[in-house]
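Here is the structure we will look at.
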Amino acid sequence: MLSHPVLGPLFGRLRQDLERAVDARSLEEIRIAYLGRKGKVTAVLQGIKDLPSEERRATGRLANLLKDGLEAELASRLERVREAELEESLRRERLDISLPGRRVPYGTRHLLSSIIEEIEDIFIGLGYRVAEGPEVELDYYNFEALNTPDWHPSKSLQDTFYVEVPGSDRRDVLLRTHTSPVQIRVMESTPPPVYIIAPGKAYRHDVPDATHSPMFHQVEGLAVDEGLSLGDLKGTLVTFAKRMFGEDREVRFRPHFFPFTEPSAEVDVSCNMCGGAGCRVCKGTGWLEILGAGMVDPNVFAYVGYDAERWSGFAFGMGVERIALLKYGVPDIRYFFDNDLRLLMQY
Ligand code: PHE
């Protein structure tokens, strides 16, 4: 072929062109330039019929050889180029799926909110519903209708935050000192039977220390029905204490006084830290005081128009911070309000 007068030089040029062809586009350009309708090899093939008869055979054979060889070469080159291009794009677009994803920082529930939710869940399971009342209250709901006389020590300025109402000289607006006023509000607006708990904030004029905070949380409970007795109160609180502090907890009632319940009791649960043997948390007594409770005083029923002959009830109130302190051994109530994430993230 190299000695052929036309095909020889053509082959030489083709080899140079092929050497420079590095991608699919230049290979296609070569195909068009040599094998296309007006291509150089095509032209030779078309010119064969005009050649002197003794040259036709040899030229035809060589030109066809060149055409077939070039087609095969282009096809295999194209395949290699495509493979290389694919590999290159795989390398370029490589995803390292072993890289850890970006973490989205998210908040956690405040320990006190979780405890309140836990308490709610326990009582909802016992058939109670959740009620709410205002934090800025009237003397009537916070004290009077709860059978708390004017001379009661908790009514003093020492203990209660009174609220000045602009443009008014009323003296009966205050920050509720407990969640018990919700009892009155619920009974005022619903006929018995009643089974509610009322979680929320309460305020007392206390100097903050390890166990006191001027703002704290309580969960109030109230049950009114026919024939409710102290036994029902005790059974309810035993169930609560076991669910909250552990199955083998025990509960004891100590006689106490609240103006709105009679009889009244302070309720202790056996210490969950030492199992009752005595430790730092229970101050060596084996018992933790967790709530106040009692049978609703008939005087309270009179304020809300319930027939005390027909209905009886019990009420209880617990401090959420206190339960959290005891359950988790947190040494200082102020930690709950410092908003130090190192503490809050632990729960
Ligand atoms: N309100 C009382 C307190 O804050 C607790 C309590 C509630 C006691 C209901 C008896 C019944 O100390």
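The values are calculated or read from the model by the stated rules, or taken from the named source; none is laboratory data. Only a predicted model underlies this, so the values are computations on that prediction, with no experimental measurement involved. Cβ coordinates were reconstructed from backbone atoms using ideal geometry, including for glycine residues, and neighbour counts include every protein chain displayed. With ligands, DNA and RNA removed, areas are computed over all heavy atoms of the protein, side chains included. Shrake-Rupley method; radii C 1.70, N 1.55, O 1.52, S 1.80 Å.
Per residue, segment 155-313 exposes 47 Å² of accessible surface when a 1.4 Å probe is rolled over the protein heavy atoms with every protein chain present. How would segment 154-277 be classified by its alpha-carbon gyration tensor: rounded, prolate or oblate, with rounded meaning a/c under 1.5 and the a/b versus b/c comparison settling the rest? It is oblate, given that a/c is not under 1.5 and a/b is not larger than b/c. Radius of gyration (Cα atoms) of segment 127-175, expressed as a multiple of 2.2 N^0.38 Å: 1.32. Our summary of shape: the Cα atoms of segment 1-130 have principal axis extents of 113, 27, 18 Å, ordered from largest down, in whole angstrom. Per-residue ellipticity at 222 nm from helix content only, as computed over the chain with -39500 (n - 2.57) for each DSSP H run of at least four residues, stands at -12500 deg cm²/dmol. With a 1.4 Å probe rolled over the protein heavy atoms of all chains, the accessible area of 92, 254 falls in the order 92, 254, largest first. Here residue 234 is the anchor, and the lysines within straight C-alpha reach of less than 30 Å, apart from those fewer than 8 places off in the same chain, are 155, 201, 242, 283, 327.
For the chain, the dipole from Cβ point charges (+1 on Lys and Arg, -1 on Asp and Glu) about the Cα centre works out to 2880 debye, to the nearest 20. What is the calculated FRET efficiency for residue 55 to residue 18, with r their C-beta to C-beta distance and R₀ = 41 Å, to the nearest 0.05? For R0 = 41 Å, the calculated efficiency reads 0.95. Each part reduced to its alpha carbon centroid, segment 41-65 and segment 101-168 end up 106 Å apart. Normalising the average separation of contacting C-alpha pairs (under 8 angstrom, six or more residues apart) by the number of residues puts the relative contact order of the chain at 14 percent. Computed over the chain, the P(r) curve from all C-alpha pair distances, binned at 10 Å from the origin, holds 5, 18, 20, 12, 5, 3, 3, 4, 6, 8, 8, 6, 2, 0 percent per bin.
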